Amino acid sequence: MADVINIGLVGYGLAGRVFHAPVIQSVPNLRLKKVVERHTDDSSKRYPEVEVVRDVVALLKDEEIDLVVITTPNTTHFEFARAALLAGKHVVVEKPFTTTSAEALQLINLARRQNRVISVHQNRRWDGDFQTVKRLLDDKLLGRLVEYESHFDRFRNYEQAGSWREEKAPGSGILFDLGSHLIDQAQILFGLPEMILADIRVQRDFARTADNFELILYYEHLKVTLKAGMLVREPGPRFVLHGTEGSFIKYGLDVQEEALKQGLTPSSPNWGEDPEEQWGTLNTQVGELHLMGRIETIAGRYQAYYQNVIEAINGEAELIVKPEEAMNTIRIIELAMESSQKRAGIPYSSASLKSRAADE
């Protein structure tokens, strides 16, 4: 692999424009070479050195492209990722990985046969608040954790024109969108659940797909609650953790998304630093000491995702966001939809995935 990894970006909508291109450009040894835009040349206005092409075929023909980043609507992820792998490219897919776990498994097996890296853009593993929660748990500052609650609260009581995420289609809706992040974070902290109980709803009068969910993931001695909704005008805590020795409460969203929307990049000063008024509150017992106060949030680092992808491509480090984990996230979403339809808890099982793997 050359010192510089050339990237082809498929799509320049919100995900490509905000979450990928500026982060890619801030990482040494990454070069954004080509962008697929069907009708505009918007990417070249911010990145004059970038070549705009009109379709994926033109991008994949470029032998200098090492890594293809797919940020198009969810229903196209499988098709474009498969084509990129067959063209001999490494692949990053915007979350969610695919619309079904069966498609995810096919891509995993194809990447293995092609000897290429495939990863899913679970950038919120590098949210500062999540990194702080992970550190608290690693250091066992709450004793044995008994309850974990994680929210993504939004408020939009009007229809957003042209948003494919809110159309009635495979992979649409808030569970695939924000739920992918919450499920991934829980999976990294606690592994796979024993059972899933879900309540998935359409709350807004005009909505055509799910815009609210509550998932309860059952673990031995631990209850995990994941919630998101589009009618939460007064947000509650982002994280609520309770353990045998204490609690941790955190309000406010990670600051990196808003900074990227404002045109800043990870190269900007004080990147990812949480304002003090948003620091979480810890109330716990450590030995004979009762500790109570604010905990400074670890600075977020979205660029670390792409830095790890480079290292994995070059064989210098293990891939952090593994495609198998992203497949498990889709499987949990599938079981959550089944649970909500049946109004019953559904045991988690990977047996069907293992049988499909044997058939591949």
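Couple of notes before you dig in:
- Matching residues in segment 1-33 - criterion: being within 23 Å of residue 87 (Cβ to Cβ) and charged (D, E, K, R): 3, 31, 33
- Of all residues in segment 248-285, those that are surrounded by 14 or more Cβ atoms within 10 Å (Cβ to Cβ) and closer than 25 Å to residue 142 by Cβ total 19.
- All conditions in (1) farther than 28 Å from residue 168 by Cα; (2) touching a strand residue (DSSP E or B) at 6+ places or on another chain (Cβ under 9 Å); (3) acidic (Asp, Glu) hold for residue 139, with the sole exception of (2).
- Matching residues, segment 303-354, being crowded, with 17+ Cβ neighbours inside 10 Å, more than 20 Å from residue 185 (Cα to Cα) and of a type in the set (D, E, K, R): none
- With respect to being modelled with pLDDT of 95 or more, out of contact with any strand residue (DSSP E or B) (no Cβ under 8 Å at 6 or more places or on another chain), surrounded by fewer than 20 Cβ atoms within 10 Å (Cβ to Cβ) and of a type in the set (Asp, Glu), residue 194 falls outside the description.
- Residue ranges of strands (runs of 3 or more DSSP E) in segment 21-106 with at least 3 members surrounded by 17 or more Cβ atoms within 10 Å (Cβ to Cβ): 30-36, 67-70, 90-94
- Residue that is under 28 Å from residue 285 (Cα atoms) and crowded, with 16+ Cβ neighbours inside 10 Å, where the choices are 189, 175: 189
- If the condition is being of a type in the set (A, V, I, L, M, F, W, C) and assigned to a strand (DSSP E or B), then segment 120-153 contributes 120, 145, 146, 152.
- Test for residue 159: is it crowded, with 23+ Cβ neighbours inside 10 Å, touching a Lys or Arg at 6+ places or on another chain (Cβ under 9 Å), at pLDDT below 95 and of a type outside the set (Val, Ile, Thr): no
- Listed by position, the strands (runs of 3 or more DSSP E) enclosed by segment 216-313 that each have at least 3 residues that are β-branched (Val, Ile, Thr) are 280-286.
- Residue in segment 278-294 that is more than 24 Å from residue 219 (Cα to Cα), of a type in the set (Lys, Arg) and either modelled with pLDDT of 95 or more or out of contact with any Phe, Trp or Tyr (no Cβ under 8 Å at 6 or more places or on another chain) (or both) present: yes
The values are calculated or read from the model by the stated rules, or taken from the named source; none is laboratory data. Values in this document were obtained by computation on a predicted structure and should not be read as measured data. Neighbour counts are summed over all protein chains in view; Cβ atoms, including those assigned to glycine, are modelled from backbone coordinates with ideal geometry.
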